[in-house]
Amino acid sequence: MKKHRLHKKQKREILFDKKDMVALKAIEVKTLRAGIWFNAIMAICGYVGYYFADSYALAFDGNFSLVSALSCYIAMRITKRKDVSNAEYPYGYYSYENVYALLQGILLIGITFYAILTGVTNIFHFVKGETIETLKIAPLLIYTVTMLFFCAAVWLYYRQQLERSGGQSPVLKTETVAAFMDTFITFGTGVALILVALIPENHSLRFLSYIGDSVIVILISILIIREPIRIVSQSFFSLVGRTVSNKKVRRRVKDIVLETAKGEYQLKELYLFHIGSSFQVVLHLHPYFVVLDMDNYNEFTQKLETRLQKLFPNLILEVLLK
């Protein structure tokens, strides 16, 4: 059995030229560095809003932004090293991207469940008759309007940078999801809290002025929990070595292999793995000829590699002949 292993890094032709592999890293580092400052500012605003408005929901918003700031810093450190090869990591540190996404997803799930638990606790204390401060409309209004525009701008910036990367960066995908969740939380929480704070004194729903922020946090947490769970699921299965389950992508890869190998090699098995922002294609082929022509074989693998690189920005191609 002969084994041929190739490792190339090349951007999609519609986005980068062949020698511009640093472009994706530059986009990621620039975006994450900006994200640290964006989220730090939003975290401070959330805590200040919590102090003046007596709204636990704003503290939840601040906690979410603080986690995002810390995750941006960690992601930036990973991004700077992910394509550095050495004896221990000959194909780079791409798997670290999955580790980062997994841990951030778990952290987001933890914060969300903690928010639900705290909200339920606050409601329980209110039911028991304990004193709870009412919401203050003016600080809520100022916070909501200011942070809504700020959060939306950050989310749109992340999405634009993700599009510039060709949608191939799991780090930027994770940060874009987190920014969208933050925008959704800020909008939903702010609008709902303002409506709750405007309830008249003698209205039957006046009790919401005391526990409305807890109710809103619980509802929003339930709505957004799906995204971090999806991130954790995808990252975990990538780390444990599960093949890509997307049938459309697998079909495209198989079509390219069959077209390139037509008349020369029979495809026995095909495995496709997604490791961070890299893809690994493992092929088991059976040659139709008895004597292996190395020139023909090298030409075939080079042609196959070139075609597959049009699909994947970072490619690890492994061809085994049986």
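The values are calculated or read from the model by the stated rules, or taken from the named source; none is laboratory data. Computed from a predicted structure; not experimentally measured. For neighbour counting, all protein chains shown are included, and Cβ atoms are generated from backbone atoms with ideal geometry for every residue, glycine included.
Things to note:
- Taken as a whole, the structure leaves Val232 outside the set of residues that are touching a Lys or Arg at 6+ places or on another chain (Cβ under 9 Å), among the β-branched types (Val, Ile, Thr) and either exposed (fewer than 15 other Cβ atoms within 10 Å of the Cβ) or under 20 Å from Val99 (Cα atoms) (or both).
- Applying the criterion of being of a type in the set (S, T, N, Q) and under 35 Å from the mean Cα position of the chain (by Cα) to the residues of region 193-223, the residue that is nearest to Phe180 (Cα to Cα) is Ser221.
- Sole residue being part of a helix (DSSP H, G or I) and under 15 Å from Ser221 (Cβ atoms), chosen from Leu103, Leu107: Leu107
- Restricting Tyr93, Tyr89 to those that are touching a Lys or Arg at 6+ places or on another chain (Cβ under 6 Å), under 30 Å from Gln280 (Cα atoms) and either part of a loop (DSSP other than H, G, I, E, B) or at pLDDT 80 or above (or both) reduces the list to Tyr93.
- Comparison of Val177, Val84 shows that the only residue that is at pLDDT below 80, over 27 Å from Ala57 (Cβ atoms), of a type in the set (A, V, I, L, M) and assigned by TED's automatic domain parsing to the domain that holds Thr189 is Val84.
- A single member of Thr112, Thr134 is farther than 27 Å from Lys30 by Cα and modelled with pLDDT under 75, and it is Thr134.
- Region 221-239 residues that are of a type in the set (Gly, Ala, Ser), paired with ones that are assigned to a helix (DSSP H, G or I) (beta carbon under 7 Å, 6 or more apart): Ser221/Thr112; Ser221/Ala115; Ser221/Ile116; Ser235/Asn98; Ser235/Ala101; Ser235/Leu102; Ser235/Gly105; Ser238/Asn98
- Residue in region 125-142 that is more than 19 Å from Leu219 (Cα to Cα) and within 25 Å of the chain's Cα centre (by Cα) present: no
Per-residue answers, yes or no, for (1) acidic (Asp, Glu); (2) over 15 Å from Thr144 (Cα atoms):
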| position | (1), (2) |
| --- | --- |
| Ala179 | no, yes |
| Val191 | no, no |
| Asp213 | yes, no |
| Ile218 | no, yes |
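- Across region 155-193, the qualifying residues are those that are in contact with a Gly (Cβ under 8 Å, 6 or more places away or on another chain) and over 19 Å from Pro228 (Cα atoms), and the one among them that is surrounded by the fewest Cβ atoms within 10 Å (Cβ to Cβ) is Ala192.
- Scanning region 208-229 for residues that are of a type outside the set (Val, Ile, Thr) and surrounded by fewer than 16 Cβ atoms within 10 Å (Cβ to Cβ) yields Leu219, Leu223, Arg226.
- Residue that is surrounded by the fewest Cβ atoms within 10 Å (Cβ to Cβ) [pool: residues in region 46-66 that are touching a Pro at 6+ places or on another chain (Cβ under 9 Å) and assigned to a helix (DSSP H, G or I)]: Tyr51
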